[in-house]
1. From the set of residues in segment 32-46 that are closer than 20 Å to I127 by Cβ and among the hydrophobic types (A, V, I, L, M, F, W, C), which is farthest from the chain's Cα centre (by Cα)?
2. Only residues in segment 138-153 that are without any contact (Cβ under 8 Å) to a residue 24 or more places away in the chain count as the first member; pair them with residues that are aromatic (F, W, Y) and part of a helix (DSSP H, G or I), Cβ under 8 angstrom, at least 6 apart or cross-chain, and list the lot.
3. Please verify whether W29 is aromatic (F, W, Y), under 16 Å from the mean Cα position of the chain (by Cα) and either assigned to a loop (DSSP other than H, G, I, E, B) or farther than 16 Å from K135 by Cβ (or both), treating the condition exactly as stated.
4. Looking at (1) among the polar types (S, T, N, Q); (2) loosely packed, with under 14 Cβ neighbours inside 10 Å; (3) modelled with pLDDT of 95 or more, which one does Q24 not meet, given that it meets all the others?
5. State whether one or more residues within segment 98-106 are in contact (Cβ under 8 Å) with a residue 12 or more places away in the chain, more than 16 Å from K158 (Cβ to Cβ), within 11 Å of the chain's Cα centre (by Cα) and outside any loop (DSSP other than H, G, I, E, B).
6. Scan segment 37-90 for residues that are in a loop (DSSP other than H, G, I, E, B), under 29 Å from M116 (Cα atoms), free of Cβ contacts under 8 Å to residues at least 60 places away in the same chain and touching a helix residue (DSSP H, G or I) at 6+ places or on another chain (Cβ under 7 Å) and report the count.
7. Which condition number in (1) crowded, with 17+ Cβ neighbours inside 10 Å; (2) out of contact with any Pro (no Cβ under 7 Å at 6 or more places or on another chain); (3) free of Cβ contacts under 8 Å to residues at least 60 places away in the same chain is the one that V126 fails?
Amino acid sequence: MDRSTDSSRIPALGRRGGGWVFIQVVLFWVLIAAGVRDKGDIDGIKLLVAVAVGTSLIVLGAAVMFLGIRGLHESATPMPRPKPDGALVVDGIYGYVRHPIYLGVILVAFGWAVAMDSVIALIVAVIYVPFYDLKSRREEAWLREQYPQYPAYAARTKRFIPYVY
């Protein structure tokens, strides 16, 4: 089990983690606004490549999010605290990464920054990484409380990048 951060010390930000969702929504709108307001100065073929790469990341991220949401079925919730009557899902995309929805959001954020040629949006996308890492650790503390089999699952499945992290 990953004990590099004591997850129980990460603030809950509400009974079900609503504060985490609020911060997530604020970061989303900051990312969107940054991409719209802070256009870079590349043009021509470089811009086409940036848009193609960015769009590819957005599509990949959306697909990963979709698979994550679909895999959860009735256990899906926008809150980091799992539903009391939810089930632990360890197959499908969850057999490769523990937090595919967060991974998908991160990919979409980087895709948006690249497609929009926005340094400020890229900075916001970089902020997504530690934010979702912390949020996932808080969520995992709750998952360990609710599902006795979670530590074994976490030991064999990486958090965001299959076989790496």
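The values are calculated or read from the model by the stated rules, or taken from the named source; none is laboratory data. Bear in mind the structure is a predicted one, so any value in this text is a computation, not a measurement. For neighbour counting, all protein chains shown are included, and Cβ atoms are generated from backbone atoms with ideal geometry for every residue, glycine included.
1. Checking each candidate, the answer is V36.
2. Taking only residues 6 or more apart or on different chains, not a single pair turns up.
3. Values: aromatic (F, W, Y): yes; under 16 Å from the mean Cα position of the chain (by Cα): yes; either assigned to a loop (DSSP other than H, G, I, E, B) or farther than 16 Å from K135 by Cβ (or both): yes.
Against the criterion (aromatic (F, W, Y), under 16 Å from the mean Cα position of the chain (by Cα) and either assigned to a loop (DSSP other than H, G, I, E, B) or farther than 16 Å from K135 by Cβ (or both)), W29 qualifies.
4. Going through the list (1) among the polar types (S, T, N, Q); (2) loosely packed, with under 14 Cβ neighbours inside 10 Å; (3) modelled with pLDDT of 95 or more, Q24 breaks only (2).
5. Within segment 98-106, one or more residues are in contact (Cβ under 8 Å) with a residue 12 or more places away in the chain, more than 16 Å from K158 (Cβ to Cβ), within 11 Å of the chain's Cα centre (by Cα) and outside any loop (DSSP other than H, G, I, E, B).
6. 1
7. Result: V126 fails condition (1) only.
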